[in-house]
Amino acid sequence: IKDQTGIPLTPDEIVDILLEQVIEKLKQHVPWRPGAQELLLAAHEAGMPCALVTMSYESFARVLVDSLPAGTFEVVVTGDMVEHGKPHPEPYLRAAHNLALAPEQCVAIEDSATGVRSAVAAGVPTLAVPHLVEIPQLDGLVVEAHPGGDPTRDRLAGDAVLGEAALADVVQEGGHHE
């Protein structure tokens, strides 16, 4: 941006300005994936500890966290909190540690290839929900196909059946679910 526009700002200043603008838009409307908010609220109501593991900046993630009831996410791990971002296992290992759980006691729900690689490398049973990019098949990973085979439609937890049944199966079977 700096090279093309001649703006007399440092790259960090440009990032800060753009991030502030995106945060303001996000405060107006959080673009939830279908089923995501409902699954998070159901997990919270059931007393299931949840962590947000994102490589976004903490200030950006805070807007999402603040849009939910207090305590929905017990732990937040952002890109500016770790030395090694996704696909390195550090973000998921930190989240599990901060939840006082072993990685294999957790379940990751991911929509990116780098996120999937991070969670699987950390030993976290992982449910992949393809969104904008294709997700590679890896051991310890469940790929939740789009309903009707239509990749333009999103689905996180179906109609909450997946939230309870499939997540329980993923944990019990060490990351393998049919």
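Across the stretch 12-78, the relative contact order, built from alpha-carbon pairs under 8 Å that are at least six residues apart, equals 36 percent. Computed from the C-beta positions of residue 12 and residue 48 and an R0 of 22 Å, the FRET efficiency is 0.05 to the nearest 0.05. If R0 equals 35 Å, the separation of the Cβ atoms of residue 137 and residue 65 corresponds to a calculated FRET efficiency of about 0.65. Let's test the formula: R0 of 30 Å, r as the Cβ-Cβ distance of residue 5 and residue 114. What FRET efficiency results, to the nearest 0.05? Working from the Cβ atoms, E equals 0.55.
Solvent-accessible surface of the stretch 1-90, taken per residue with a 1.4 Å probe and all protein chains present: 63 Å². Model label sites at residue 80 and residue 28, defined 7 Å from Cα along the beta-carbon direction, differ in position by 2.3 nm. Once backbone amide H atoms are built at 1.01 Å from N, residue 111 has 129 as its partners under 5 Å, excluding neighbours fewer than 5 places away on the same chain.
The values are calculated or read from the model by the stated rules, or taken from the named source; none is laboratory data. Note that the coordinates shown come from a computational prediction; the quantities given were computed from them, not determined experimentally. Note that each Cβ is placed from the backbone with ideal geometry, even for glycine, and that neighbours are counted across all protein chains shown. Calculation scope for accessible area: heavy atoms of the full protein, side chains included, ligands and nucleic acids excluded. Shrake-Rupley method; radii C 1.70, N 1.55, O 1.52, S 1.80 Å.
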